[in-house]
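One structure is given here, and the rest of the page talks about it.
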Amino acid sequence: MTTLRLAFAYLASRPLATILHVLMLALGVATAAFLLLFTSQAEERLARDAKPVDLVVGAKGSPLQLILSSVFHVDMPTGNIGLEESKAISRHPMVASATPVALGDSYRGHRIVGTDASFLGLYDAKVAAGRPFKEEMEVVVGSEVARRHQLAPGAKIVGSHGLAQAGPGHDEDPFEVVGVLAPTGTVIDRLVLTPVESVWHVHEHHGGAQPAPPAAAPTQGGRLEITALLVKYRTPLAAAMLPRLVNSSTSMQAASPAFESARLLDMVGVGVQTLQWFAAVMMASAALSVFVALTSALQERRYDLALLRTLGARPLRLASLSLAEGVTLLVSGVILGLALGHGAAHALGLWLAQSGSWPLAGLAWAPGEAMLVAAVFAGGFATCLVPAVQAYLSDPASLLAKR
Amino acid sequence: MLEIRGLRHQYAGRTVVSVPEWDVPRGEASLVLGPSGSGKSTLLNAIAGLTTPTEGTIRVAGEAMTGVAPASRDALRARRIGLVLQTLHLIGVITVRENLRIAQRLAGLPRDDARIDEVLASLAIGELAGSKARQLSVGEAQRVAIARAVVNRPPLILADEPTSALDDANCGKALTLLLDQAKATGATLIVATHDNRIRERFARRLEL
């Protein structure tokens with residue numbers, strides 16, 4: 001009959017209270033673990049997608065919208081910019097490379113990006129099957145697009161206007177898949193890439209008939225347009241000069257993906273922080289409830305403890321009995337909480353994958369989770385120590401005399 | 001088996017028990033008799049090492065119970081003394097067998113289910129081994145408490161008011177069980193009580 005077995009017996013003798021204490025702790029841990037997974041993966045994802053691009057030059061409007069549409073490919077573009085005007089930026093001596101991006105259409109929720117071969121280089125993307133696009137109306141598809149829609153070189157796909165899956169289609173202008181990219185873990189996995197000329201070609205037929213969302217297309221005056229230019233700096237000095245130059249002396253705007261990502265995380269962070277506080281309050285309540293449970297349990301079984309002393313149990317054994325009870329609740333709550341948090345993240349990840357958004361991985365560890373578990377154990381252990389010390393100090397003779 | 005010399009215990013400036021000298025030989029059964037508040041339980045607690053007396057020495061089976069570290073007292077109690085308490089005190093959430101196993105474990109003895117079965121059978125409660133202690137009747141619990149006190153074959157058994165809560169019939173049975181078990185294991189039995197119904201069963205008495 002070990003101390004742990006006796007602790008289990010005590011917990012099992014009050015199943016409802018035990019389950020409630022464990023559940024309370026588990027919900028707090030689950031919420032915190034879920035938020036850690038979500039925020040760490042979101043931050044990592046944003047950082048990975050934004051890293052290859054130092055500056056985005058696009059139409060004036062919301063800089064965040066420009067970044068969301070042209071780098072993360074989750075929003076509508078702010079508008080189009082002239083190809084010639086953008087070329088002036090490309091030729092600037094502080095610019096190492098400038099990759100054009102022409103948006104407007106999508107394939108089953110995956111954005112079709114008109115660009116050039118340098119786009120693959122930005123994300124170190126390699127062609128896993130087939131070859132890179134060369135001609136108008138040829139596409140290479142990201143690994144996730146190919147996997148979800150079973151695409152291989154030789155397949156024909158038809159784009160639809162906008163990002164919605166049910167947008168009006170371009171049935172008369174099918175694309176031919178000529179290559180499939182290897183997975184990179186970046187946004188390119190979810191994109192369909194084609195020469196800029198393909199986008200111009202498709203929208204030439206439609207002209208200005210479909211005003212929203214903006215699509216890169218020749219205007220009525222025959223001026224060629226793109227949606228944005230993804231710029232890499234040649235020198236760190238460019239970070240200070242180039243955005244100011246673009247914003248002050250052109251009709252375009254320049255936005256920094258790193259800055260806008262940080263701003264986005266700040267905005268989202270307010271909500272996340274609120275939820276983190278909520279989780280912390282839940283865990284503190286749970287710790288308090290465990291403390292109350294242990295203290296009242298100690299009161300209830302003070303005669304049992306006195307009895308164990310009469311049988312020869314050392315005070316340390318009584319303290320460890322109380323501690324074992326609290327730690328059992330703690331460990332159960334943490335394990336269940338982690339399982340719930342990761343399970344919820346995994347379920348959400350599966351759902352997001354179905355809808356083509358970024359995959360949230362539930363079966364992974366967030367960097368802060370070890371700290372979370374350590375903090376919960378430290379707090380919980382400290383909570384359990386008080387009743388354990390009370391058990392240690394209990395005087396069996398006086399208790400038995402009171403009986 | 002038990003040697004007490006110059007024992008005095010004070011509480012709040014008042015002497016609650018005083019035993020100048022008392023020896024109980026091995027295998028003897030002795031009664032500590034006295035009214036409520038006369039210090040019977042204090043004396044038993046002191047013999048068991050649960051209370052440190054203000055003055056005096058106690059030796060159990062040749063080993064000092066006084067003037068030694070608490071850990072030594074706990075170890076001596078676990079190995080050498082079986083206790084039957086006034087209000088039974090079994091651990092209700094575990095089985096009868098597990099209650100007896102705890103006594104074995106705390107005495108540092110290996111798990112011995114055969115001995116547990118033997119003791120339970122001798123007290124006619126073998127079928128209760130798997131029952132939770134809280135499900136027992138008062139009479140059954142009384143027998144289990146006796147079983148736990150003797151399971152390790154301690155040389156000294158202390159019983160504090162073992163019959164005060166029982167009716168006449170059960171009082172006689174419980175006492176007989178205690179005496180029989182002590183005799184079977186060759187243990188010294190000391191019973192503290194204010195219950196005059198049992199005084200005639202003991203030739204050796206200490207009146208407080």
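Hey, can you tell me all the residues within segment B:186-200 that are surrounded by fewer than 18 Cβ atoms within 10 Å (Cβ to Cβ) and either β-branched (Val, Ile, Thr) or farther than 23 Å from residue B:37 by Cα (or both)?
Answer for segment B:186-200, where residues must be surrounded by fewer than 18 Cβ atoms within 10 Å (Cβ to Cβ) and either β-branched (Val, Ile, Thr) or farther than 23 Å from residue B:37 by Cα (or both): just B:186.
Only strands (runs of 3 or more DSSP E) wholly contained in segment A:57-147 count here; list those with 2 or more residues that are small (Gly, Ala, Ser) and at pLDDT 90 or above.
In segment A:57-147, A:95-107, A:127-130 are the strands (runs of 3 or more DSSP E) which contain 2 or more residues that are small (Gly, Ala, Ser) and at pLDDT 90 or above.
For segment B:56-75, enumerate the residues that are within 9 Å of chain A (Cβ to nearest Cβ) and either part of a loop (DSSP other than H, G, I, E, B) or out of contact with any helix residue (DSSP H, G or I) (no Cβ under 9 Å at 6 or more places or on another chain) (or both).
B:71, B:75
Mind checking which residues of segment B:24-76 are free of Cβ contacts under 8 Å to residues at least 40 places away in the same chain and over 17 Å from the mean Cα position of the chain (by Cα)?
B:37, B:52, B:62, B:63, B:64, B:66, B:67, B:68, B:69, B:70, B:71, B:72
Please list, ordered by residue number, the helices (runs of 4 or more DSSP H) wholly in segment A:283-395 having 1 or more residues that are within 14 Å of another protein chain (Cβ to nearest Cβ), free of Cβ contacts under 8 Å to residues at least 24 places away in the same chain and crowded, with 17+ Cβ neighbours inside 10 Å. Explain how you work it out, then say what you get.
Numbers: elements: A:302-310, A:315-354, A:369-393.
So the answer is A:302-310.
Restricting segment B:76-99 to residues that are among the polar types (S, T, N, Q) and facing another protein chain (nearest Cβ under 8 Å), which is surrounded by the fewest Cβ atoms within 10 Å (Cβ to Cβ)?
Step by step, filter segment B:76-99, then rank; the result is B:87.
Please go through segment A:259-282 and give me each residue that is of a type in the set (Ser, Thr, Tyr) and either surrounded by 15 or more Cβ atoms within 10 Å (Cβ to Cβ) or touching a helix residue (DSSP H, G or I) at 6+ places or on another chain (Cβ under 9 Å) (or both), ordered by number.
If the condition is that a residue be of a type in the set (Ser, Thr, Tyr) and either surrounded by 15 or more Cβ atoms within 10 Å (Cβ to Cβ) or touching a helix residue (DSSP H, G or I) at 6+ places or on another chain (Cβ under 9 Å) (or both), then A:261 is the only one that fits.
Which one of A:165, A:220 is within 27 Å of the chain's Cα centre (by Cα), surrounded by fewer than 16 Cβ atoms within 10 Å (Cβ to Cβ) and either assigned by TED's automatic domain parsing to the domain that holds residue A:72 or at pLDDT below 90 (or both)? Spell out how you get there, then give the answer.
Details: A:220 fails: within 27 Å of the chain's Cα centre (by Cα).
The unique qualifying residue is A:165.
Scan segment B:145-203 for residues that are charged (D, E, K, R), within 20 Å of residue B:120 (Cα to Cα) and either touching a strand residue (DSSP E or B) at 6+ places or on another chain (Cβ under 7 Å) or part of a helix (DSSP H, G or I) (or both) and jot them down. If you could, list the steps in order and put the result at the bottom.
Within segment B:145-203, the subset charged (D, E, K, R) is B:148, B:153, B:160-161, B:167-168, B:173, B:180, B:183, B:195, B:197, B:199-201.
Subsequent filtering for residues that are within 20 Å of residue B:120 (Cα to Cα) retains B:148, B:153, B:173, B:180, B:183.
If the condition is that a residue be charged (D, E, K, R), within 20 Å of residue B:120 (Cα to Cα) and either touching a strand residue (DSSP E or B) at 6+ places or on another chain (Cβ under 7 Å) or part of a helix (DSSP H, G or I) (or both), then B:148, B:173, B:180, B:183 are the ones that fit.
Restricted to segment A:1-20, and to residues that are part of a loop (DSSP other than H, G, I, E, B) and among the polar types (S, T, N, Q), which residue is nearest to the other protein chains (Cβ to nearest Cβ)? Step through it out loud before you land on a result.
Of all residues in segment A:1-20, those part of a loop (DSSP other than H, G, I, E, B) come to A:1-2, A:13-14.
So of that shortlist, the ones also among the polar types (S, T, N, Q) come out as A:2, A:13.
On the way: A:2: 8, A:13: 4 Å.
So the residue we want is A:13.
Being hydrophobic (A, V, I, L, M, F, W, C) and within 30 Å of residue B:135 (Cα to Cα), is that true of even one residue in segment B:49-61?
So far as segment B:49-61 goes, yes, one or more of its residues are hydrophobic (A, V, I, L, M, F, W, C) and within 30 Å of residue B:135 (Cα to Cα).
The values are calculated or read from the model by the stated rules, or taken from the named source; none is laboratory data. This one's a predicted model, so the numbers in the text were calculated from it and none came from an experiment. Cβ atoms come from the backbone with ideal geometry, glycine included; neighbour counts cover every protein chain shown.
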